[in-house]
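Novice: Below is a structure I'd like to ask you about.
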Amino acid sequence: MLDNVKIPEALPSVETKNLSVKFNGRDAIRNVNIEFKKNKITSIIGPSGCGKSTLLRSINFMNQLIPGCRVTGKIFFEGEDISGNDAVEVRRKIGMVFQKPNPFPTMSIRDNVIAGLKMAGSTKKNIYDEIIERSLIQAGLWNEVKDRLKVSALELSGGQQQRLCIARTLAVSPQVILMDEPTSALDPISTMKIEETIHDLKSQITIAIVTHNMQQAARLSDITAFMYLGEMIEIGKTSGIFVSPVKELTEQYVTGRFG
Amino acid sequence: MLKEELLRKKRKFEYRKFKSTLMLSLSIAASIIAVLPLLYIFFYTTASGASALNFDFFTNLPKPFGEEGGGMGNAILGTFIMLMIGSTFGIPIGIMTGIYVSEYSGSVMSVIIKFLTDVLSGIPSIVIGIFTYGLIVLQTGKFSALAGGFALGLLMIPTITRTTEEMLKLVPNTLREASLALGITKWKTSLFIVLKTASSGIITGILLALARAAGETAPLLFTSFGNNFWSTSLNEPMSSIPVQIYNFAISPYEDWHKMAWAGAFVLITLVFVVNLIVRIITKRKFTLN
């Protein structure tokens with residue numbers, strides 16, 4: 001579609017077609033079409049209120065919880081239309097990490113990681129320990145917590161809590177993880193660690209990340225999408241979007257002239 | 001000119017300071033008046049009932065007039081048994097209603113239920129007693145512990161519903177989202193994540209509801225009635241602390257008055273201890289971020 005910013009060849013893992021979201025009749029996003037390529041990192045940038053988070057939260061049906069919210073259009077997962085599917089099923093395949101670290105305060109680190117499995121009624125109790133270790137290693141937290149898995153999750157620092165939330169999401173083995181500004185509440189060092197984690201996850205998982213930090217988008221992602229006022233303005237290879245965007249608006253935004 | 005201005009400012013400041021001191025003194029005076037009755041009750045019941053309070057008081061049956069000693073062991077046991085009966089349905093119904101009103105707020109049904117539980121909490125306890133009398137005592141043809149426990153359970157429901165709802169609303173929404181995003185179903189999220197996070201607050205509510213129900217006399221007067229003997233049969237009339245106090249207090253005998261005071265002391269101590277426990281629990285509460 002856009003010739004000078006060729007998107008890397010890969011199958012779409014998640015795809016939206018004419019996705020629109022209204023809150024109490026007011027448009028939040030309009031007719032958004034985007035493909036999240038398999039095993040690539042896609043970042044969504046744009047000024048506050050442009051609908052980045054709304055787009056992300058619609059994909060795993062989180063918006064649908066909010067009274068007065070209406071979602072239209074289609075969402076495809078691995079080529080299959082999931083728009084009318086059961087939210088619980090969808091969320092097990094498409095996980096989410098939120099802006100503020102939100103571990104379960106009454107649970108230990110260990111229980112936080114396996115919360116999703118336990119509640120889903122998993123009978124694979126004998127492999128819990130294996131899953132806990134694997135998820136925490138993937139999230140880059142294992143070495144810091146392996147000797148105190150039984151302490152409350154609240155004893156961790158903010159950055160560690162966020163990596164615990166990533167581990168918790170990984171434990172249910174999703175194919176896609178949506179990240180809604182996962183580092184905006186964290187210090188630079190924690191941010192760096194989480195970016196490393198995200199980078200390492202790419203080989204196994206498709207990642208979509210909403211960010212306000214353009215350097216982060218540039219560092220991390222293969223594909224960047226720019227949204228403005230609820231519409232998808234431009235999608236392209238990250239280097240293309242930041243160096244030679246097609247649309248005037250994108251260039252103004254990435255060069256810091258507004259937003 | 002300047003000096004005059006300064007003086008005027010100073011007078012204004014003095015006046016403001018006076019007003020502030022006056023209001024503060026009035027508030028302190030009101031607070032003292034508010035707690036004075038409690039202190040007075042506490043000292044008076046201790047002074048009047050202490051002489052009748054001994055080990056026998058907790059283990060013996062009430063003695064007929066004229067005999068020395070005796071206690072209200074059966075009344076203490078009866079109160080506990082009837083609280084247990086009330087709890088078996090009052091606590092789960094109260095909590096589940098609280099969950100419904102909080103977690104499914106917004107639906108017309110939940111608004112109506114919230115309104116109705118508020119009304120229920122305002123209904124005088126004697127009306128609950130009459131209702132239970134009509135529903136159970138008249139049907140079964142006799143006073144019973146079951147009827148008394150039922151009345152106490154009904155009284156507990158609105159308090160528990162209210163505290164559950166308020167405590168659940170304090171749980172941040174991000175926690176619900178975290179759980180749902182893991183593919184955990186809504187009911188499991190409500191029960192195992194949200195309710196668990198709010199549990200210390202809810203236990204507080206339950207303890208306070210129990211303490212309140214333990215002291216209720218009106219709903220027991222014509223449901224469990226009272227009993228001068230040890231009875232654990234749920235189908236028979238059963239003694240309870242407040243009703244026993246009432247019976248002792250309206251008697252013409254000095255000894256029995258003392259027993260009534262001692263009973264009152266036990267009740268107050270119970271409420272006091274429960275409040276103390278509640279304080280300790282809420283202090284240790286998990287901090288939510």
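Novice: Can you list which of the DSSP-assigned H helices in chain B have a Cα extent of 18 Å or more along the long axis and an average Kyte-Doolittle score of at least 0.5? Don't skip to the end; give the middle numbers.
Specialist: On the way: long enough: B:2-49 (70 Å, 0.36); B:73-103 (43 Å, 1.30); B:108-122 (22 Å, 1.59); B:145-170 (37 Å, 0.88); B:199-214 (22 Å, 1.53); B:254-283 (44 Å, 1.12).
Those that pass (Cα extent of 18 Å or more, hydropathy at least 0.5) are B:73-103, B:108-122, B:145-170, B:199-214, B:254-283.
Novice: Among the trypsin sites (Lys or Arg not before Pro) in region B:203-285, which ones are in a DSSP loop with at most 15 other Cβ atoms within 10 Å of the Cβ? Mind listing them?
Specialist: B:Arg284, B:Lys285
Novice: So, one more: Can you tell me the relative contact order of region B:68-285? Whole percent, Cα pairs under 8 Å, sequence separation 6 or more. Could you put the intermediate results ahead of the total?
Specialist: Details: 295 pairs, mean separation 64.2, N = 218.
Relative contact order of region B:68-285: 29 percent.
Novice: Okay, moving on. Can you give the helix-only mean residue ellipticity at 222 nm for chain A, where every DSSP H stretch with n ≥ 4 adds -39500 (n - 2.57) and the sum goes over all residues, rounded to the nearest 500 deg cm²/dmol? Mind showing how you got there, number by number?
Specialist: On the way: 10 runs with 89 residues, N = 259.
Dividing the helical sum by the residues of chain A leaves -9500 deg cm²/dmol.
Novice: Also, I was wondering about something else. For chain B, what is the mean residue ellipticity at 222 nm derived from helices alone (per DSSP H run of n ≥ 4: -39500 (n - 2.57); sum divided by total residues; nearest 500 deg cm²/dmol)? Show your work: numbers first, answer last.
Specialist: Values: 11 runs with 201 residues, N = 289.
Mean residue ellipticity, 222 nm, calculated: -23500 deg cm²/dmol.
Novice: Please pull out the direction-averaged projected area of region B:190-289, using the convex hull of its alpha-carbon atoms, in nm² to one decimal place. Provide the component values of the computation, followed by the final result.
Specialist: On the way: hull surface 35.5 nm².
Orientation-averaged projected area of the Cα hull: 8.9 nm².
Novice: Return a whole-number percent for the relative contact order of region A:129-259, with Cα pairs under 8 Å and 6 or more residues apart as the contact set. Let's see the in-between values first.
Specialist: Details: 123 pairs, mean separation 23.1, N = 131.
With pairs under 8 Å counted, the relative contact order is 18 percent.
Novice: If you wrap a convex hull around the C-alpha atoms of chain B and split its volume per residue, what is the figure in Å³?
Specialist: Working: hull volume 64.9 nm³, N = 289.
Normalising the Cα hull of chain B by residue number yields 225 Å³.
Novice: R0 = 41 Å: FRET efficiency of A:Glu89 with B:Lys283, Cβ-based, nearest 0.05?
Specialist: Working: r = 42 Å, r/R0 = 1.03.
Calculated transfer efficiency: 0.45.
Novice: By the scheme Lys and Arg +1, Asp and Glu -1, what is the net charge of all other residues having a beta-carbon under 11 Å from that of A:Asp27? Each step should come with its number before you reach the end.
Specialist: Numbers: positive: A:Lys22, A:Arg26, A:Arg30, A:Arg70; negative: A:Glu231.
Taking every Cβ under 11 Å from that of A:Asp27, the sum is +3.
Novice: I've got another one for you. Compute a Gaussian network model of chain A, connecting alpha carbons closer than 10 Å, and tell me which residue from A:Gly121, A:Gly49, A:Gly95 fluctuates the most.
Specialist: A:Gly121
Novice: OK, next. For a test of understanding, tell me how many lysine pairs in region B:89-205 have Cα atoms under 22 Å apart, given they are 8 or more places apart or on different chains.
Specialist: Details: B:Lys114/B:Lys169; B:Lys114/B:Lys186; B:Lys114/B:Lys196; B:Lys169/B:Lys186; B:Lys169/B:Lys188; B:Lys169/B:Lys196; B:Lys186/B:Lys196; B:Lys188/B:Lys196.
Taking the Cα cut-off of 22 Å, the pair count is 8.
Novice: Tell me, what are the semi-axes, in whole angstrom and largest first, of the equivalent ellipsoid of the protein assembly as shown as set by the roots of 5 times the Cα gyration tensor eigenvalues? Display every interim value, and only then the final one.
Specialist: Values: eigenvalues 757, 194, 99 Å².
Working through the eigenvalues yields semi-axes of 62, 31, 22 Å.
Novice: Let me ask something else. For chain A, what's the relative contact order in percent, using C-alpha pairs closer than 8 Å and at least 6 residues apart? If you can, show how the numbers build up before the last one.
Specialist: Values: 501 pairs, mean separation 74.9, N = 259.
After rounding, I find 29 percent.
Novice: Just the Cα atoms of chain A, one point each, no solvent: what log10 I(q)/I(0) does Debye give at q = 0.12, 0.16 Å⁻¹?
Specialist: Log10 I(q)/I(0), no solvent term: -0.71, -1.21.
Novice: Now for a separate question. Please check: in the Gaussian network model of chain A (C-alpha springs, under 10 Å), which one of A:Gln161, A:Gln99, A:Gln215 has the largest mean-square fluctuation.
Specialist: A:Gln215
Novice: Got a sec? Which residues in region B:54-89 would a label at B:Asn228 touch, if it sits 7 Å along Cα→Cβ and we count backbone N under 12 Å?
Specialist: B:62-67
Novice: If you don't mind, another one. Which whole-angstrom value gives the distance between the alpha carbon centres of region A:179-242 and region B:117-185?
Specialist: If we compute the Cα centre of each part, the gap is 49 Å.
Novice: Something else: Between B:Thr174 and B:Gln139, what is the label-to-label distance in nm when each label sits 7 Å out along the Cα-to-Cβ direction?
Specialist: 5.0 nm
Novice: Just A:Ala120, A:Ala185, A:Ala167 to compare: in a GNM of chain A, with alpha carbon springs under 10 Å, which one fluctuates most?
Specialist: A:Ala120
Novice: Gain in length, B:Phe55 to B:Ser199, computed as 0.36 nm per residue apart minus the alpha-carbon separation, to one decimal in nm?
Specialist: Numbers: separation 144, 0.36 × 144 = 51.84 nm, distance 3.60 nm.
Between B:Phe55 and B:Ser199, full extension yields 48.2 nm more.
Values quoted throughout were computed directly from the atomic coordinates according to the rules given, and no laboratory measurement underlies them. For clarity, every value in this text was computed on a predicted model and none was experimentally measured. We place every Cβ from the backbone using ideal geometry, glycine too, and count neighbours over all the protein chains shown.
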